[in-house]
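Step one of this worksheet: look at the structure below.
The values are calculated or read from the model by the stated rules, or taken from the named source; none is laboratory data. All figures in this text were calculated on a predicted structure; none of them were measured in a lab. Glycine also receives a Cβ, built like all others from the backbone with ideal geometry; neighbour counts cover every protein chain displayed. With ligands, DNA and RNA removed, areas are computed over all heavy atoms of the protein, side chains included. Shrake-Rupley method; radii C 1.70, N 1.55, O 1.52, S 1.80 Å.
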Amino acid sequence: MITPNLFYADLKDSYLFYNIAQKTKAYLSTHPDAHLYRMGIGDVSLPLCDVVIQKLHEAVDDQAKSETFHGYMPECGAPELREAISDYYKNRGVKLSPEEVFVSSGASDELGDILDLFSRDNTSLVIEPAYPAYVDANIMGGRKIVHVPSSIENGFLPKPDESINADVIYICSPNNPTGAVFDRNKLKAWIDYANNKGSIILFDAAYEAFIEDETLPHSIFEIDGARTCAIEICSLSKTAGFTGTRLGYTIIPKELERKGMNFNSMWVRNRTTKTNGVSYIIQKCATAVFTPEGQKQIHDNIKIYKNNAACLMKILDELGVWYCGGKNAPYIWMKCPDGLTSWEFFDLLLNEIQVVGTPGQGFGECGEGYFRFSTFGNPEDTKIAAERIKNLLKK
Ligand code: PLP
């Protein structure tokens, strides 16, 4: 009889979003006319910008005519898009060749698939609170995990600890859920640690476009030493509203090698075996994101989310509540008031003011006592929610 991947039995059920859905459903069943202010979702609410929609239409029409029809695309990405992404990095002073850019269907897909490059005997280090997929993808692969908690004392940006040995290191900056961002020195410390230990950093830059403080790095490759120890995984999901359209990209420098094996070449081999590329239609509209007009339009949308963040940050400042994030990230991570647990605070917000957020405990035990607000919601709802939070916490 076939043996399933028994590591799946080690996965903990993800109660976080299930519990949130159950609790909101229960509330609505007893308050059918209530309007909920949903500040928990990690999904975007604004539609795709005009240049992207225009290219989508064009690409659909291309597929209707034999002269412009496209079948299989190159597995690692359309050359124009790989070039456009390498130019995007160049504008920030990061030199990449288009062959170091791999187009993907999104960061989640890549975060799971990329583990194919590493032996199962490796240990993965996850800084918590963390995006839950990091831990689960490693459990599915039967890998050992070192959980590194972060805290208010280090601003949720821990330093590497030389006494810990890890092979694969996850760094998410700007962070989901905390919104904290590693500055250049703090990131350099992890790069030095990884180069010393021979480890590889998986740098999740899904929220880089939200950084507004010019001194903060958008890419790990802005820092010396990263080309010999890092892979960067990025996505247009939050940057350009591609959550339902699906496109991401992964950067693997050509000099990234361990034990005589080259990770860029290995990933080419992997992609040419395991995918047939991202669709022509989606790659064509993704290329439009990297044009000057595309950049302007996506940043106009990001500004709307940033205004949501500003509105929430203002009331938290007025109340004197501790939080991080919001300025350079679409998430605000606040300390629950009066020593409430994160689920107690969730219940209070739902029952008293009909605001739905995300309890920090769902991102790892060290998230207990904290709460995440997403700023991807509708501006009107965010304003009302902020006002309601203010009135509730003022009491
Ligand atoms: N990485 C982080 C930190 C995320 O928060 C998300 C989505 O919420 C992803 C990756 C996944 O992005 P994608 O939609 O490209 O799969």
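Hey, can you tell me all the residues within the range 327-349 that are in a loop (DSSP other than H, G, I, E, B) and either open to solvent by 30 Å² or more (accessible area, probe 1.4 Å) or not polar (S, T, N, Q) (or both)? Of everything in the range 327-349, those that are in a loop (DSSP other than H, G, I, E, B) and either open to solvent by 30 Å² or more (accessible area, probe 1.4 Å) or not polar (S, T, N, Q) (or both) turn out to be LYS327, ALA329, PRO330, CYS336, LEU340, THR341. Scanning the range 357-373 for residues that are open to solvent by 10 Å² or more (accessible area, probe 1.4 Å), under 24 Å from TYR305 (Cα atoms) and in contact with a Gly (Cβ under 7 Å, 6 or more places away or on another chain) yields a single hit, TYR370. Would you call LEU256 open to solvent by less than 30 Å² (accessible area, probe 1.4 Å), assigned by TED's automatic domain parsing to the domain that holds PRO174, at pLDDT 95 or above and more than 13 Å from the ligand (Cβ to nearest atom)? Against the criterion (open to solvent by less than 30 Å² (accessible area, probe 1.4 Å), assigned by TED's automatic domain parsing to the domain that holds PRO174, at pLDDT 95 or above and more than 13 Å from the ligand (Cβ to nearest atom)), LEU256 qualifies. Scanning the range 374-384 for residues that are open to solvent by less than 10 Å² (accessible area, probe 1.4 Å) and farther than 21 Å from GLN22 by Cα returns THR375, PHE376, THR382. Scanning the range 85-129 for residues that are more than 16 Å from the ligand (Cβ to nearest atom), open to solvent by less than 20 Å² (accessible area, probe 1.4 Å) and farther than 22 Å from MET261 by Cβ yields SER86, TYR89, VAL94.
Number of residues in the range 130-142 that are open to solvent by less than 30 Å² (accessible area, probe 1.4 Å) and within 15 Å of the ligand (Cβ to nearest atom) equals 5. Here TRP333, TRP343 are screened, and the one residue that is of a type in the set (Phe, Trp, Tyr) and under 18 Å from the mean Cα position of the chain (by Cα) is TRP333. On the stretch given as the range 1-47, residues that are within 22 Å of ASP381 (Cα to Cα), basic (Lys, Arg) and open to solvent by 80 Å² or more (accessible area, probe 1.4 Å) total 2.
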